[in-house]
Amino acid sequence: MIPFKGLNEGKYLFNFQIGAPFFELFEESLVKIGDVEAIVELEKSSALLTIRFDISGVVESICDRCLDTLELTVESSSQMYVKFGEAYDEPSEELIVLPNDANDINVAQLLYEFICVNIPIGHVHPDDEDGNPTCNPEMLEKLDQYLVEDEHEGDQEDDIDPRWEALKKLVDNNK
């Protein structure tokens with residue numbers, strides 16, 4: 001929570017250390033463990049609040065390839081605007097409307113969303129300097145054992161369903 005009622009116009013800095021207890025607040029959280037720092041700058045003016053979020057740290061995830069845990073770097077800079085109106089509303093991704101009688105703003109949901117959106121899509125251990133994977137070698141060996149290679153790559157033309165072949169002729173005739 002950031003209390004803004006009673007603050008003079010100007011800029012104010014808030015620092016949040018985000019860890020496992022924070023992520024436990026969210027049901028079915030994408031992140032369970034992390035060490036993230038969020039610096040939140042609140043700029044209060046007579047008409048609105050401008051909130052800037054600078055987030056950096058690491059979160060723990062599972063490697064998509066070997067299923068071991070790995071740390072993913074999360075970095076984000078975002079900005080939100082807060083206006084005042086009759087009732088709470090979120091008319092856009094960057095604008096929040098708070099009731100006129102609001103005294104503070106809860107930024108926990110915003111911090112959580114900024115962290116989750118900035119988690120890299122691929123959760124894979126990085127390769128070492130030589131280009132070799134740093135994943136669990138036992139798991140990589142198991143994956144290689146069960147890898148199925150397509151032996152009929154050159155024979156694909158022979159395996160075409162005759163119905164598709166008839167449709168292909170129709171398409172070729174229309175050209």
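I need the full set of residues from the stretch 23-42 which are more than 15 Å from S56 (Cα to Cα) and in contact with a strand residue (DSSP E or B) (Cβ under 9 Å, 6 or more places away or on another chain), in order please. Before you say what the answer is, go through the steps one by one.
Just the residues of the stretch 23-42 that are more than 15 Å from S56 (Cα to Cα), to begin with: 23-30, 32, 42.
If the condition is that a residue be more than 15 Å from S56 (Cα to Cα) and in contact with a strand residue (DSSP E or B) (Cβ under 9 Å, 6 or more places away or on another chain), then F23, L30, K32, L42 are the ones that fit.
Please specify each residue of the stretch 89-138 satisfying the condition of being over 21 Å from the mean Cα position of the chain (by Cα), acidic (D, E) and within 28 Å of I39 (Cβ to Cβ).
Of all residues in the stretch 89-138, those over 21 Å from the mean Cα position of the chain (by Cα) come to 89, 91, 97-105, 127-138.
With acidic (D, E) added as a condition, the list becomes 89, 101, 104, 127-130, 138.
Within the stretch 89-138, D89, D104 meet the criteria.
Just to be sure I understand, how many residues within the stretch 23-55 are surrounded by 19 or more Cβ atoms within 10 Å (Cβ to Cβ) and within 16 Å of the chain's Cα centre (by Cα)?
7
Which of the following residues is out of contact with any Lys or Arg (no Cβ under 6 Å at 6 or more places or on another chain), under 19 Å from F26 (Cβ atoms) and not hydroxyl-bearing (S, T, Y): E86, E71, E149, E113?
E113
Pairs, please: C-beta under 9 Å, at least 6 apart or cross-chain, first residue modelled with pLDDT under 80 and surrounded by 12 or more Cβ atoms within 10 Å (Cβ to Cβ) and in the stretch 122-143, second among the polar types (S, T, N, Q) and not in a loop (DSSP other than H, G, I, E, B)?
Filtered contacts from the stretch 122-143: no entries.
Only one of (1) out of contact with any strand residue (DSSP E or B) (no Cβ under 7 Å at 6 or more places or on another chain); (2) exposed (fewer than 12 other Cβ atoms within 10 Å of the Cβ) is not met by E9, so which one is it?
The number of the failed condition is (1).
Is at least one residue of the stretch 31-48 under 24 Å from K5 (Cα atoms), in a strand (DSSP E or B) and at pLDDT below 90?
Within the stretch 31-48 (the criterion being under 24 Å from K5 (Cα atoms), in a strand (DSSP E or B) and at pLDDT below 90), the answer is yes, since at least one residue qualifies.
Working only within the stretch 56-110, note down all residues that are in contact (Cβ under 8 Å) with a residue 60 or more places away in the chain, part of a strand (DSSP E or B) and surrounded by 13 or more Cβ atoms within 10 Å (Cβ to Cβ).
Hits for the stretch 56-110 are V59, S61, I105.
The values are calculated or read from the model by the stated rules, or taken from the named source; none is laboratory data. Here the structure is a predicted model, which means the values were calculated and not measured. For neighbour counting, all protein chains shown are included, and Cβ atoms are generated from backbone atoms with ideal geometry for every residue, glycine included.
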